[in-house]
Amino acid sequence: MNSLLINNISSLEMVLPKEKLQLKGEEMANYKSIEQSYLLIENGKIAAYGKQSDAPERADKVIDASGKFVLPGWCDSHTHLVFAASRETEFIDKIKGLSYEEIAANGGGILNSAKRLSNATEDELFNSALYRLSEISATGTTSVEIKSGYGLSVDAELKMLRVIKRLKENTTLNIKATFLGAHAFPESYKNNRDGYVQLIIDEMIPKVADEGLADFIDVFCDKGFFTPEQTAKIFEAGIKHNLIPKLHANELGETGGIEVGVAYGARSVDHLEHTSAEHIELLKQSNTTPTLLPSTAFFLRLPYAPARKMIDAGLGVALATDYNPGSSPSGNMPFVLSLACIYMRMLPKEAIAAATINGAFAMGLEQSCGSISIGKRADILITKPIENIAVLPYYFGSNYVETVISNGNIISQNKE
Ligand code: NIG
Ligand code: FE
């Protein structure tokens with residue numbers, strides 16, 4: 001037995017009964033915290049917690065968390081963090097006034113990333129993504145979903161997914177893989193969009209499923225990209241191969257993304273910068289998690305998704321980074337929390353619920369992580385000494401995450 005005891009915790013946050021798998025509406029700001037508490041980890045799992053006066057007397061290793069807060073690690077349920085190269089020249093184009101769609105139409109954007117990826121080796125992609133994983137774990141991320149989608153050919157999509165599989169095998173982080181062949185139309189199918197949809201259905205999905213390379217299937221269903229009809233076809237094929245739908249929807253316009261996502265029982269619909277009252281009603285009648293990506297809205301100067309209205313309507317919102325070279329070159333969850341509080345008027349506790357248990361739910365990890373619950377993976381972060389949990393989003397751009405524990409092991413320590 002290998003045990004780790006965290007003592008004298010100023011406040012243990014996001015304590016949930018094991019059967020509580022997501023938080024909705026008012027529940028988000030009202031999760032349970034325990035002041036002056038301890039947390040015991042045994043063999044990589046949460047074994048016990050409670051008031052400090054009830055703490056066990058010894059353990060293999062003891063950490064004193066006086067003045068510090070303890071939370072579940074962040075569950076970042078939407079990233080594209082396997083990519084070959086940055087796109088800062090497009091960043092300059094954006095400063096000069098070009099829109100995301102104009103850059104994409106000029107052969108920039110996702111197609112630019114696909115060109116760079118086709119020339120990169122699996123080892124190069126693996127090493128740069130591994131570096132990004134260590135970067136995001138230093139700000140507290142312990143579970144992460146990673147998408148393909150910069151391949152856009154059978155071989156390159158498989159190459160990306162094999163890199164994600166290797167990442168799973170070589171880190172202690174919890175990783176989920178999503179097949180996003182339908183991220184953009186490759187140049188060679190510019191005038192035959194349905195032909196590319198057919199390639200995804202006939203060749204990509206069966207190969208991805210045969211090799212067991214993905215948990216989810218995603219589509220960029222939006223203005224100028226895939227239509228709801230094409231999305232429906234791709235989802236039908238994916239579901240036949242046991243891939244669960246997730247969706248990029250309503251980032252650039254209201255083009256039917258939320259509707260098709262809900263109709264196919266998507267685990268989550270993500271972005272939602274353009275969301276109406278009717279959409280909120282539709283989401284309420286579904287089990288689909290609205291996942292908001294405020295650092296993308298920030299970077300592209302889009303309107304922010306209506307998180308406040310969603311939560312007030314009783315929805316369980318998740319927050320994620322969208323880490324990618326085009327629209328959110330950052331995997332920093334604390335910054336996402338700050339943006340959520342400042343621009344989407346989420347309360348700090350709501351943002352924390354959205355970034356932990358609801359993020360876990362959005363990627364099918366709600367049974368194993370995302371809360372302080374007995375038996376869950378010990379994916380934990382310990383803050384620097386703070387007075388109040390609101391300090392985390394308040395000091396935007398700072399890293400108040402001091403220690404990160406993944407599966408019971410300390411993987412990052414920030415002593416700055
Ligand atoms: O989630 N919206 C589509 N895909 C990414 C952007 C990808 C890129 O520009 O490389 C996103 O924002
Ligand atoms: Fe995305």
Run the numbers on the chain and let me know its relative contact order in percent, using alpha-carbon pairs under 8 Å that are six or more apart. 22
Using θ = phi - 60° and the Karplus form 6.51 cos²θ - 1.76 cosθ + 1.60, what ³J(HN,Hα) does each residue of segment 184-189 get, whole Hz, x for Gly and Pro? 6, 8, x, 3, 5, 10
Springs between alpha-carbon pairs under 10 angstrom, Gaussian network model over the chain: which of 245, 334, 206 fluctuates most? 206
Amide H proximity to residue 175 below 5 Å, modelled H, separation 5+ or other chain, gives 144
Diffusion coefficient in µm²/s returned for segment 292-335 by Stokes-Einstein, Kirkwood Rh over C-alpha pairs, 25 °C and 0.890 mPa s, is 222
Convex hull around the C-alpha positions of segment 1-144: the volume in Å³ per residue is 192
List the pair-distance distribution P(r) of segment 74-362, using every Cα-Cα distance, as the percent of pairs falling in each 10 Å bin from 0 up to the bin containing the longest distance, rounded to whole percents. 7, 31, 39, 20, 2
Of the listed links 246/284; 20/376; 207/240; 20/68; 20/349; 168/376, those spanning more than 21 angstrom between alpha carbons are 20/68
Could you state how much accessible area residue 76 has, in square angstrom rounded to the nearest 10, with a 1.4 Å probe and all protein chains kept in place? 0
How far apart, in nm, are two points set 7 Å out from the Cα along the Cα-to-Cβ line at residue 236 and at residue 3? 5.7
Taking the Cβ of residue 392 as the centre, find all other residues whose Cβ is under 11 Å away and add up their charges (Lys, Arg: +1; Asp, Glu: -1). +1
Restricting to DSSP loop positions (anything but H, G, I, E, B) with no more than 13 other Cβ atoms inside 10 Å of their own Cβ, which trypsin sites (Lys or Arg not before Pro) remain in segment 256-325? 301
Amide H of residue 402 versus every other amide H placed in the peptide plane: which residues, excluding those fewer than 5 positions away on the same chain, fall under 5 Å? 382, 383, 384
Note down the net charge around residue 130, summing +1 for each Lys or Arg and -1 for each Asp or Glu among other residues with Cβ under 15 Å from its Cβ. 0
Leaving ligands and nucleic acids out of the surface, order 233, 24, 96, 68 by accessible area at 1.4 Å, largest first. 96, 233, 24, 68
Using DSSP to define loop residues, name the trypsin sites (Lys or Arg not before Pro) in segment 116-199 whose beta-carbon has at most 13 other beta-carbon atoms within 10 Å. 190
Per-residue ellipticity at 222 nm attributable to helices in the chain (runs of n ≥ 4 DSSP H, -39500 (n - 2.57) apiece, nearest 500 deg cm²/dmol) works out to -9500 deg cm²/dmol
Grab the Cα-Cα distance for residue 342 and residue 300, subtract it from 0.36 nm times how many residues apart they are, and report the gain in nm with one decimal. 13.4 nm
Test of the criteria: in segment 334-416, which trypsin sites (Lys or Arg not before Pro) are in a DSSP loop and have at most 11 other Cβ atoms within 10 angstrom of their Cβ? 415
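The values are calculated or read from the model by the stated rules, or taken from the named source; none is laboratory data. Bear in mind that the values here come from a model prediction, so they are computed numbers and not experimental data. Counting neighbours? That spans all protein chains shown, and the Cβs are built from the backbone with ideal geometry, glycine included. For accessibility, only protein heavy atoms count, side chains too; no ligands or nucleic acids. Shrake-Rupley method; radii C 1.70, N 1.55, O 1.52, S 1.80 Å.
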